[in-house]
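A.B. asks: Let me give you the structure first, and then I'll get to my questions.
The values are calculated or read from the model by the stated rules, or taken from the named source; none is laboratory data. Every value quoted in this text rests on a predicted model; they were computed, and no experiment measured them. Methodologically, a virtual Cβ is constructed for each residue, glycine included, from the backbone with ideal geometry; neighbour enumeration extends over all protein chains shown. Heads up: the accessible areas ignore ligands, DNA and RNA and are worked out on the full protein's heavy atoms, side chains in. Shrake-Rupley method; radii C 1.70, N 1.55, O 1.52, S 1.80 Å.
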Amino acid sequence: MLSLASYVNSLPGLEGHYIDGVIHSLERILTTIGEHAGRTLAVCLSTITANYEAAIRIAAAVKTVDSRIAIVVGNDHFTALSREILERHRELIDCGFIGNEVYSGLADYLLDRRHSRPAGIYPGSVRFESGRLISAPAIREPVNRIIDYRLIDRTLPHSEVYAANFTRRLGRRILELTGRRVNQGVPVEIGRGCIKFSGDDACSFCSIQYGGMWKNELSAEHAWSAIQRASEAGYDYLYVTADELPLTFARLMLDMAESPPDWWRALPPAQRPVLVGYARADGMEKEQVLRAMRGIGFRILFVGVDAGAPRSLQALNKPLRNPDSAAAARKMYDSNLRALGNARNHGVAIKAGFVLGHLGMTEALLEENITTYIEFLQAGRDVIISADIELLSPEPGSQDFRYLTQLDEAEAMSRRPGLGIGSRETRQRVAERYRQADIFDRETAIDDYIGVFMPELSKERLATARDRVRGECARLGIVTGDEL
Ligand code: SF4
């Protein structure tokens, strides 16, 4: 949101304001909007599944403050369910934007709205007009480079809370892990996308909505500038937000390592910003990329681990191109082990992520996966500093969510690895609940998913298995559930 607010703020005649609904109460947000109502053109809400309900409450309340204020909605949850959301809230939501390349469309919409009723074509937008749902395809646009950190505290105070939370939750832990004393964190966008989006074969549980561009990135020079701006604004722990770095942005990482700017070279190593980001384990196998990443300041990588039974990896849509799936799974496991070796050699710590459950998982597969996860954790106990083990949650936009409503697709997918799922009648009943829904309880969705797609298992059984892996983490000294 800071990126969008900064971009809007740079437009002629518009002022961008940033409010974080996680740290401010609804009451305070509405009071603030009320105080500025006379000069508020639009309230733009970033919706992910976890905050969608709150976003709709804010939208409704804003309209009661002043119905002329436009409500604009975007981000993953809206992108995944735009039709359902707009059909249900057509009186409330004036315009929505789909995917990531929404900056110029939003700018045009706001500028038009300032003068009249917007009737133009706004790339990436979808909205109701004269009772018809109209949408305009997104266009390719570069990653936004306008970030104005002053906006963070312009409207309501945020920095103080962010800094206090950071110190309380992370400061000491990062010092222990990296030997670096850091004070403030901020997300930095130098690229977005994942190599798997290029073939439209995201992991089954992945709900990232990449829109029209599977990958978008800054040049090495501009990426360094983004890091410099964050560093000069006082941030020293930078979350690089790209969905996956070493495979997807290998060239960018190598280019950045080859062209460190003067300001960065002039800093003593202990004062350079600490970078953290996402990686696939098989990406960390590329030693020269990992070396480059360590060279430019990456100290911790969040890694989704591709280890487990061959049929599980197939069901999760992990890359198993080899027709001999057992051999391919073994190869993936070995490549995960090599990733641990590279992390060890280059001093990069790993926060490992495991997803438990999938379409057609059986008791035997669950056991096999748990055994492999534990083996992996044992092999990496010196470099894996933290682990997240979570039950699969079918988020809108993911294949797993689609399986809940698309009966034939789920059936076809489960047949590929030869796995059993619940009866068509049961799945039909559950599908009715999700087909037109824009809002639902995530815990219930997990229950429903397990009920129809893992008939041999239950949520309790999966939770027990998860606790077994967490218990092993505790035994190995690996922290679970931290907020690195
Ligand atoms: S879960 Fe990660 S690796 Fe899988 S498709 Fe999504 S971003 Fe890519």
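A.B. asks: Would the chain count as rounded, prolate or oblate if I go by the C-alpha gyration tensor, calling it rounded below 1.5 in a/c and otherwise prolate when a/b exceeds b/c, oblate otherwise? Walk me through the numbers before you get to the answer.
C.D. replies: Values: a/c = 1.79, a/b = 1.16, b/c = 1.55.
Oblate.
A.B. asks: Identify all aspartates and glutamates with a Cα-Cα distance to K215 below 13 Å; exclude those on the same chain that are fewer than 8 residues away in sequence.
C.D. replies: Within the straight-line cut-off, K215 pairs with E101, E141, E189, D200, D243, E244.
A.B. asks: So, one more: For the peptides 445-454, 54-63, 162-171, what is the packing order when you average, over each peptide's residues, the other Cβ atoms within 10 Å and list the highest mean first? Don't jump to the answer; show the numbers that get you there.
C.D. replies: Values: 445-454: 21.8, 54-63: 18.1, 162-171: 14.9.
In descending order of packing, they fall as 445-454, 54-63, 162-171.
A.B. asks: For F302, list long-range residues whose amide hydrogen, built 1.01 Å from N in the peptide plane, is under 5 Å from its own amide hydrogen.
C.D. replies: G277, Y278, A279, K351
A.B. asks: Next up: Residue-wise, which Karplus ³J(HN,Hα) couplings in Hz belong to the range 195-205, taking 6.51 cos²θ - 1.76 cosθ + 1.60, θ = phi - 60°, and x for glycine or proline?
C.D. replies: With coefficients 6.51, -1.76 and 1.60, one gets 3, 5, 5, 5, x, 6, 10, 4, 3, 4, 8 Hz.
A.B. asks: Per residue of the range 457-474, what does 6.51 cos²θ - 1.76 cosθ + 1.60 with θ = phi - 60° give for ³J(HN,Hα)? Whole Hz please, x for Gly and Pro, Karplus curve as stated.
C.D. replies: Going residue by residue, I get 10, 9, 4, 5, 5, 5, 5, 5, 5, 4, 5, 5, 5, 4, x, 5, 4, 4 Hz, with x marking Gly and Pro.
A.B. asks: Taking the Cα centre of the chain as the origin and placing charges on Cβ (Lys, Arg +1; Asp, Glu -1), which of L177, T155, L407 is farthest toward the positive end of the dipole?
C.D. replies: L177
A.B. asks: When only Cα pairs under 8 Å and 6 or more residues apart are kept, what is the percent relative contact order across the range 65-178?
C.D. replies: Worked out over the range 65-178, it gives 19 percent.
A.B. asks: Another question about this same structure. Order the following by accessible area, largest value first: S231, S198. Probe radius 1.4 Å; ligands, DNA and RNA are ignored.
C.D. replies: Ranking S231, S198 by accessible area, largest first, yields S198, S231.
A.B. asks: Okay, moving on. So for the range 2-135, averaging the separation of alpha carbon pairs under 8 Å that are six or more residues apart and normalising by length, what relative contact order in percent results?
C.D. replies: On the way: 171 pairs, mean separation 25.3, N = 134.
Relative contact order of the range 2-135: 19 percent.
A.B. asks: Next question, about the same structure. Ranking request for peptides 175-183, 114-122: highest mean number of other beta-carbon atoms within 10 Å first, then the rest in descending order.
C.D. replies: Taking the mean over residues of other Cβ atoms within 10 Å, the ranking is 175-183, 114-122.
A.B. asks: Another one. Tell me, in nm to one decimal, what length is gained between V161 and Q378 on full extension, where the rule is 0.36 nm per residue of separation less the Cα-Cα distance?
C.D. replies: On the way: separation 217, 0.36 × 217 = 78.12 nm, distance 3.71 nm.
Gain on extension, V161 to Q378, equals 74.4 nm.
A.B. asks: A further question on this structure: Under a point-charge model restricted to the Cβ atoms of Lys and Arg (+1) and Asp and Glu (-1), what is the dipole moment magnitude of the chain relative to its Cα centre, in debye to the nearest 20?
C.D. replies: Working: 59 positive and 63 negative charges, 117 e Å.
Roughly 560 debye for the chain.
A.B. asks: Roughly how many debye, to the nearest 20, is the charge dipole of the range 2-135 about its Cα centre, given +1 on each Lys and Arg Cβ, -1 on each Asp and Glu Cβ, and no other charges?
C.D. replies: 320 debye
A.B. asks: Moving on. Just want to confirm a number: the relative contact order over the chain, from Cα pairs under 8 angstrom separated by 6+ residues, in percent.
C.D. replies: Relative contact order comes out at 12 percent.
A.B. asks: Taking 0.36 nm per residue of sequence separation and subtracting the Cα-Cα distance, how much length would be gained by fully extending the chain between K459 and E287, in nm to one decimal?
C.D. replies: Here the segment from K459 to E287 would lengthen by 58.0 nm.
A.B. asks: Now for a separate question. Say the dipole of the range 1-111 comes from +1 at the beta carbon of Lys and Arg and -1 at that of Asp and Glu; which of S3, I19, N100 then lies farthest toward its positive end?
C.D. replies: It is I19.
A.B. asks: Using only helices, what value at 222 nm comes out for the chain when you add -39,500 (n - 2.57) per DSSP H run of length 4 or more and divide by the total residues, to the nearest 500 deg cm²/dmol?
C.D. replies: -13000 deg cm²/dmol
A.B. asks: Can you check what the net charge comes to around G38, using other residues whose Cβ is under 12 Å from the Cβ of G38 (Lys, Arg +1; Asp, Glu -1)?
C.D. replies: 0
A.B. asks: What figure, in Å² to the nearest 10, do you get for the accessible area of S130 with a 1.4 Å probe and non-protein molecules left out?
C.D. replies: Approximately 110 Å² for this residue.
A.B. asks: Here's a follow-up. Any idea how far apart N345 and E432 come out in nm if each label point goes 7 Å out from Cα toward Cβ?
C.D. replies: 5.9 nm
A.B. asks: Once fully extended, how much extra length lies between R475 and D112, figured as 0.36 nm per residue of separation less the alpha-carbon to alpha-carbon distance?
C.D. replies: Working: separation 363, 0.36 × 363 = 130.68 nm, distance 5.99 nm.
Gain on stretching R475 to D112: 124.7 nm.
A.B. asks: If R₀ is 56 angstrom, what is the calculated FRET efficiency for the pair E409 and D20, using the beta carbon separation as r and rounding to 0.05? Provide the component values of the computation, followed by the final result.
C.D. replies: On the way: r = 37 Å, r/R0 = 0.66.
Calculated value: 0.90.
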